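> This structure is in structure tokens; I'll ask about it shortly.
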Amino acid sequence: TVDQISFALFWALTAFILPLVRAQVPHWGPCPEPDVQPAFNLKQFMGRWFEIARLPTQFERGRCIETNFTFRGDKSIRVVSSEILKGEVRKIEGTGVIEDLKNPAKLGISYSYVLPFSPYWILSTDYVNTALVYSCTDILRLFHLDFAWILSRTRNLPQSTIDSAKETFADNSIDVIRMIDTKQQGCDKDTPPHAFLAVFPSSL
């Protein structure tokens, strides 16, 4: 019956939403529409980025988190994210694409063939030092769950740079009061040459 189908859909949606809600703090209303990097140059953005700070997430639990972006032959982007958790290097590989050719700073990333691409918007970057990234998931346009990252080409940034980055998020109506620092100390010496590679949960 229609009621049974509606009931099943409700619980299927609930099963999908609840893990996200446990990991994030939901905000009322639809996702904000922040400004993104003008004249974004994807080629210059490629390469290795270290995570300096982030909004808390269920899928990032380790330290020394970084992501490496490289081009594939089919013009998609190979996205390899890694962290050190309990002494092991854990990696996951995904695919990135430009979802809007008129706005190339709005990327989409998926870490699974069965999941759609999730927003990965470059709000600001100078390509050689820092990048500010934002992602948001709308839930029936009633509330939204968001993710935000401060990335760097090095494992640390001056506090003044981090504070300025947080101000940029705030100016775009993105609440980063709960943003936490990512531990990037002792990473290179703690990474064994033949580290065990274990896939950690998908970020997007």
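> Excluding residue 121 itself, what net charge comes from residues whose Cβ is under 13 Å from its Cβ, given Lys and Arg +1 and Asp and Glu -1?
Net of charged neighbours comes to -4.
> On to the next question. Listed highest first by mean packing, meaning other Cβ atoms within 10 Å per residue, what order do 179-188, 54-63, 129-138 come in?
In decreasing order of mean packing, 179-188, 54-63, 129-138 become 129-138, 54-63, 179-188.
> Work through the residues other than residue 134 whose Cβ is under 13 Å from its Cβ and net out their charges, Lys, Arg +1 and Asp, Glu -1.
Result for the local shell: -2.
> On to the next question. Just the number, please: carbon plus sulfur as a percent of the accessible area of region 31-181, 1.4 Å probe, no ligands or DNA/RNA counted.
Roughly 51 percent, rounded to a whole number.
> Please work out the C-alpha center-to-center distance from region 112-142 to region 166-184 and express it in whole Å.
Value for the Cα centre distance between the two parts: 14 Å.
> Could you please report the charge total around residue 49, scoring K, R as +1 and D, E as -1 over all other residues with beta-carbon less than 15 angstrom from its beta-carbon?
Local charge sum for residue 49: +2.
> If the chain between residue 161 and residue 177 were fully stretched, how many nm would it gain, using 0.36 nm times the residue separation less the Cα-Cα distance?
In short, 4.2 nm is gained.
The values are calculated or read from the model by the stated rules, or taken from the named source; none is laboratory data. All values reported here derive from a predicted model rather than from experimental measurement. When we count neighbours, we look across all protein chains shown, and the Cβ atoms used for this are built from the backbone with ideal geometry, even at glycine. Heads up: the accessible areas ignore ligands, DNA and RNA and are worked out on the full protein's heavy atoms, side chains in. Shrake-Rupley method; radii C 1.70, N 1.55, O 1.52, S 1.80 Å.
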